[in-house]
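Nothing in this text is a laboratory measurement; each read-out follows from the coordinates by a stated rule. Everything quoted here is computed from the prediction, not taken from an experiment. All Cβ positions, even for glycine, are placed from backbone atoms using ideal geometry, and neighbour counts span all protein chains on display.
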Amino acid sequence: MRELYASPNGDRWYLVVDEASGHTFVRHASNEASGGNVADIPLSAFLADGRGGPEHQEVWALLRHIAEETV
């Protein structure tokens, strides 16, 4: 599990790979004031969401970094 982004209000986003299934998803852990809920979002759905928030920008930056390393 790799932390992608921590917002000033305490929300956190992680990139997670389920070793059993091989599926990759983004885990959103909301802050305590918002209930502290955890939601697992398939990576494809997270990227298709199209919001330009900092958590999305971090995923795109990580993908760019990986692509540049392999070229």
Q. Looking only at the stretch 6-40, which residues are among the β-branched types (Val, Ile, Thr), within 15 Å of residue 62 (Cβ to Cβ) and out of contact with any Phe, Trp or Tyr (no Cβ under 6 Å at 6 or more places or on another chain)?
A. 17, 24
Q. Could you say whether any residue in the stretch 41-57 is over 10 Å from the mean Cα position of the chain (by Cα) and in a strand (DSSP E or B)?
A. no
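Regarding residue 3, is this residue within 13 Å of residue 62 (Cβ to Cβ) and of a type outside the set (Phe, Trp, Tyr)?
yes
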Q. When the stretch 17-33 is examined, which residues are found to be in contact with a Leu (Cβ under 9 Å, 6 or more places away or on another chain) and part of a loop (DSSP other than H, G, I, E, B)?
A. 23
Q | Residues within the stretch 17-54 that are crowded, with 16+ Cβ neighbours inside 10 Å and of a type outside the set (Gly, Ala, Ser), tallied | A | 6
Q: Keeping to the stretch 4-16, report how many residues are in a strand (DSSP E or B) and free of Cβ contacts under 8 Å to residues at least 12 places away in the same chain.
A: 1
